[in-house]
Amino acid sequence: MGEVDPDFIQDPDHRPKLFIIEAEGIPLIDLSPINSPDSITDPKAIEGVVREIGSACKGWGFFQVINHGVQLDKLRNIETAARKFFALPLEEKRKIRRDEKSVLGYYDCERTKNVRDWKEVFDLTVEEPTLVPASPDPEDKEETEWHNRWPEYPPEYREACEEYAQEIEKLALKLMGLIALSLGLPENRFSRYFKDQTTSISLNYYPPCPSPQLALGVGPHKDGGALTVLAQDEVGGLEVKRKTDGEWIRVKPTPNAYVINVGDSLQVWSNDIYHSVEHRAMVNSEKKRFSIAYFLKPSHYTLIKPLEELISEENPAKYRPYNWGKFMTHRKLTNFKKLNVENIQIHHFGLSE
């Protein structure tokens, strides 16, 4: 990736400003009360954490967590393996290049909202194999399986990825329990949706970019699933659109913290009590950057709709139901094709007031 190909250039409205506004007041939530032995016998220990999470989901749509219980050596292992993989020659990486038939593996032509991202990515699924619809067509009842594809080198790559996935799954499901409590629901309210989860992990590598004012590592977007758990390196580059004024705010990397954001599915389940927030990834001209995103996503047969406990005559459902698997496969297709229409979004299922 040398000079910037026009394919990468963002519309003027979306081009990044190179001065940075670092976020003040982004919630940093300490999860140690729920990870201590006392929390089992003392429900009050988690009440404060639940309140903080509810407030963060409502006010920001994202937050950072520390003392989260994830074994740090698992993060170090996957980071080291990813750096070795992305340092391989291009022809080696392209041996496991993904396409419309094999949607997992390596890719270097990803698009967000029809503009090419300045990044390389390796995608894997957490549940192997993952059962999904064969096509986005609502009439097509056929299912297919997604299987991971692994590189020959580094040899430890697969094990590092699988062990990391197990660790982050525990954190993600724990957070979904706390989010359920913050909505006044039973802690296990969301558990049923993840029985045959379609959860995935993306390992992202952002090479230095000669024109960081024209391109983005990932263009502005929202995550379609339930919850995203992101590890970003010390270089940083994640920016979030602040709800109050629409300003792009940089999320300063916090050592050993994870950045959590609400996904579209959670926004719909909560009937807009919580909001999925637009975010993007910046690039810079000098440093390469890595991040690891874990996307917690429900089973493909899940019908996403506002939870009945959160709707009433005064507060009717704001969305009509949609099938998660069809929504997700439609999104996947747009990674490979430049379309002339907007990518599918939850507002397409919104019910007018």
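The values are calculated or read from the model by the stated rules, or taken from the named source; none is laboratory data. All values derive from a computational prediction rather than experimental measurement. Please note: Cβ atoms are built from the backbone with ideal geometry, for glycine as well, and neighbour counts cover all protein chains shown. Remember, those area values only see protein heavy atoms, side chains included, never the ligands or the DNA or RNA. Shrake-Rupley method; radii C 1.70, N 1.55, O 1.52, S 1.80 Å.
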Leu227 vs (1) within 22 Å of Met176 (Cα to Cα); (2) open to solvent by 20 Å² or more (accessible area, probe 1.4 Å): all pass except (2)
Report, by residue number, each residue of the range 244-267 that is assigned to a loop (DSSP other than H, G, I, E, B) and either in contact with a His (Cβ under 7 Å, 6 or more places away or on another chain) or hydroxyl-bearing (Ser, Thr, Tyr) (or both). Thr244, Thr254
So Glu169, is it touching a Ser or Thr at 6+ places or on another chain (Cβ under 8 Å), open to solvent by 10 Å² or more (accessible area, probe 1.4 Å), closer than 30 Å to Arg250 by Cβ and not in a loop (DSSP other than H, G, I, E, B): yes
Members of the range 283-303 found to be over 16 Å from the mean Cα position of the chain (by Cα) and assigned to a loop (DSSP other than H, G, I, E, B), listed by number: Val283, Asn284, Ser285, Glu286, Lys287, Lys288, His300, Tyr301, Thr302
Residues of the range 64-85 being in contact with a strand residue (DSSP E or B) (Cβ under 9 Å, 6 or more places away or on another chain) and in a loop (DSSP other than H, G, I, E, B), in sequence order, are Asn67, His68, Val70
Checking Ser299 against (1) of a type in the set (S, T, N, Q); (2) surrounded by 21 or more Cβ atoms within 10 Å (Cβ to Cβ); (3) under 22 Å from Phe194 (Cα atoms), which test does it fail? (2)
For Ala215, are the conditions met, namely being open to solvent by less than 20 Å² (accessible area, probe 1.4 Å), among the hydrophobic types (A, V, I, L, M, F, W, C), part of a loop (DSSP other than H, G, I, E, B) and touching a residue at least 40 places away in the same chain (Cβ under 8 Å)? yes
Scanning the range 277-291 for residues that are of a type in the set (A, V, I, L, M, F, W, C) and touching an Asp or Glu at 6+ places or on another chain (Cβ under 7 Å), which turns out least open to solvent (accessible area, probe 1.4 Å)? Met282
Can you tell me how many residues in the range 105-135 are touching a Ser or Thr at 6+ places or on another chain (Cβ under 6 Å) and under 21 Å from Glu156 (Cα atoms)? 4
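Conditions tested, residue by residue: (1) polar (S, T, N, Q); (2) touching a Pro at 6+ places or on another chain (Cβ under 9 Å).
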residue	(1), (2)
Pro133	no, no
Thr144	yes, yes
Pro151	no, no
Pro154	no, no
Glu162	no, no
Ala165	no, no
Lys174	no, no
Ile179	no, no
Ser182	yes, no
All positions within the range 86-108 that are assigned to a strand (DSSP E or B) and polar (S, T, N, Q): none
Before we move on, is Tyr206 farther than 26 Å from Asp108 by Cα, buried (at least 19 other Cβ atoms within 10 Å of the Cβ) and of a type outside the set (Val, Ile, Thr)? no
Over the range 241-276, the set of residues open to solvent by 10 Å² or more (accessible area, probe 1.4 Å) and either within 13 Å of the chain's Cα centre (by Cα) or among the β-branched types (Val, Ile, Thr) (or both) is Thr244, Thr254, Asn261, Ile273
For the range 111-156, which residues satisfy the criterion of being in a strand (DSSP E or B) and open to solvent by 50 Å² or more (accessible area, probe 1.4 Å)? Leu131, Glu143, Thr144, Glu145
Within the range 25-57, track down each residue that is at pLDDT below 90 and not small (Gly, Ala, Ser). Ile26, Pro33, Ile34, Asn35, Pro37, Asp38, Ile40, Thr41, Asp42, Pro43, Lys44, Ile46
